[in-house]
Amino acid sequence: MTCIALLIEAPQGVRFLVAATPREAALKAESVIAAIPQTQLPVPAWVAGASSGTADRLMNYLADVQMERLLEGAL
(Lines give C-alpha, C1' and ligand atoms only; values in the text may rest on other atoms or scores of the structure.)
Protein backbone atom coordinates (compact mmCIF):
# COMPACT_ATOMS: atom_id res chain seq x y z
CA MET A 1 0.00 0.00 0.00
CA THR A 2 1.27 3.43 -0.92
CA CYS A 3 1.47 6.15 1.70
CA ILE A 4 1.25 9.69 0.40
CA ALA A 5 2.00 12.59 2.73
CA LEU A 6 0.91 16.15 2.04
CA LEU A 7 1.92 19.29 3.88
CA ILE A 8 -0.19 22.40 3.41
CA GLU A 9 0.95 25.66 4.97
CA ALA A 10 -2.44 27.16 5.82
CA PRO A 11 -2.69 30.57 7.50
CA GLN A 12 -4.25 28.87 10.55
CA GLY A 13 -1.26 26.51 10.81
CA VAL A 14 0.48 23.72 8.98
CA ARG A 15 -1.74 20.79 8.01
CA PHE A 16 -0.16 17.36 7.61
CA LEU A 17 -2.27 14.83 5.72
CA VAL A 18 -1.68 11.16 4.99
CA ALA A 19 -3.50 9.15 2.34
CA ALA A 20 -3.31 5.68 0.83
CA THR A 21 -4.18 6.72 -2.74
CA PRO A 22 -3.69 9.79 -4.92
CA ARG A 23 -7.45 10.29 -5.08
CA GLU A 24 -7.76 10.25 -1.29
CA ALA A 25 -4.82 12.66 -1.03
CA ALA A 26 -6.42 15.04 -3.52
CA LEU A 27 -9.79 14.99 -1.73
CA LYS A 28 -8.25 15.61 1.68
CA ALA A 29 -6.06 18.44 0.39
CA GLU A 30 -8.94 20.02 -1.51
CA SER A 31 -11.05 20.09 1.65
CA VAL A 32 -8.25 21.89 3.52
CA ILE A 33 -7.83 24.42 0.70
CA ALA A 34 -11.60 24.99 0.57
CA ALA A 35 -11.51 26.13 4.21
CA ILE A 36 -8.84 28.77 3.55
CA PRO A 37 -10.21 32.27 2.89
CA GLN A 38 -9.83 33.27 -0.73
CA THR A 39 -7.84 36.36 0.23
CA GLN A 40 -5.16 34.14 1.80
CA LEU A 41 -4.56 31.99 -1.28
CA PRO A 42 -2.34 30.64 -2.72
CA VAL A 43 -0.69 28.63 0.04
CA PRO A 44 2.41 26.44 -0.23
CA ALA A 45 1.91 22.69 -0.47
CA TRP A 46 4.29 19.73 -0.65
CA VAL A 47 3.80 16.07 -1.56
CA ALA A 48 6.02 13.20 -0.40
CA GLY A 49 5.97 9.44 -0.49
CA ALA A 50 4.55 9.19 -4.00
CA SER A 51 6.33 8.50 -7.26
CA SER A 52 7.61 11.63 -8.95
CA GLY A 53 4.85 11.42 -11.58
CA THR A 54 2.13 11.08 -8.96
CA ALA A 55 3.61 13.88 -6.87
CA ASP A 56 3.74 16.14 -9.94
CA ARG A 57 0.10 15.38 -10.80
CA LEU A 58 -1.02 16.09 -7.23
CA MET A 59 0.94 19.34 -7.08
CA ASN A 60 -0.54 20.47 -10.41
CA TYR A 61 -4.02 19.55 -9.22
CA LEU A 62 -3.61 21.51 -5.98
CA ALA A 63 -2.30 24.51 -7.91
CA ASP A 64 -5.38 24.30 -10.18
CA VAL A 65 -7.73 24.07 -7.19
CA GLN A 66 -6.18 27.20 -5.69
CA MET A 67 -6.30 29.04 -9.01
CA GLU A 68 -10.00 28.20 -9.44
CA ARG A 69 -10.71 29.56 -5.94
CA LEU A 70 -8.80 32.75 -6.77
CA LEU A 71 -10.69 33.20 -10.03
CA GLU A 72 -14.09 32.73 -8.34
CA GLY A 73 -13.86 36.25 -6.96
CA ALA A 74 -12.86 37.72 -10.33
CA LEU A 75 -16.05 36.57 -12.09
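The values are calculated or read from the model by the stated rules, or taken from the named source; none is laboratory data. Quick caveat: nothing in here was measured; it's all calculated off a predicted structure. Heads up, the Cβs are rebuilt from the backbone with ideal geometry, glycines too, and the neighbour counts pull from every protein chain shown.
Please state which one of L27, L62, L70 is assigned to a helix (DSSP H, G or I), loosely packed, with under 14 Cβ neighbours inside 10 Å and in contact with a helix residue (DSSP H, G or I) (Cβ under 8 Å, 6 or more places away or on another chain).
L70
Go through (1) surrounded by 14 or more Cβ atoms within 10 Å (Cβ to Cβ); (2) over 12 Å from the mean Cα position of the chain (by Cα) one by one and return the number of the condition A45 breaks.
For A45, the exception is condition (2).
Checking W46 against (1) touching a strand residue (DSSP E or B) at 6+ places or on another chain (Cβ under 7 Å); (2) in a helix (DSSP H, G or I), which test does it fail?
(2)
Look at T2 and say whether it is more than 14 Å from the chain's Cα centre (by Cα), assigned to a helix (DSSP H, G or I) and not aliphatic (A, V, I, L, M).
no
For the range 11-24, name all the residues that are within 15 Å of A35 (Cα to Cα), touching a helix residue (DSSP H, G or I) at 6+ places or on another chain (Cβ under 8 Å) and modelled with pLDDT of 95 or more.
Correct list: R15, L17.
Output the number of residues of the range 33-57 satisfying the condition of being touching a helix residue (DSSP H, G or I) at 6+ places or on another chain (Cβ under 6 Å) and of a type in the set (G, A, S).
So the count comes out to 1.
Starting from residues that are at pLDDT 95 or above and basic (K, R), keep the ones in the range 25-75 and report whichever is farthest from L7 (Cα to Cα).
Among those that are at pLDDT 95 or above and basic (K, R), it is R57.
Taking interchain pairs and intrachain pairs at least six residues apart, which have beta carbon atoms under 6 angstrom, with the first residue in the range 18-40 and more than 16 Å from N60 (Cα to Cα) and the second exposed (fewer than 14 other Cβ atoms within 10 Å of the Cβ) and at pLDDT 95 or above?
Close Cβ pairs satisfying both conditions: none exist.
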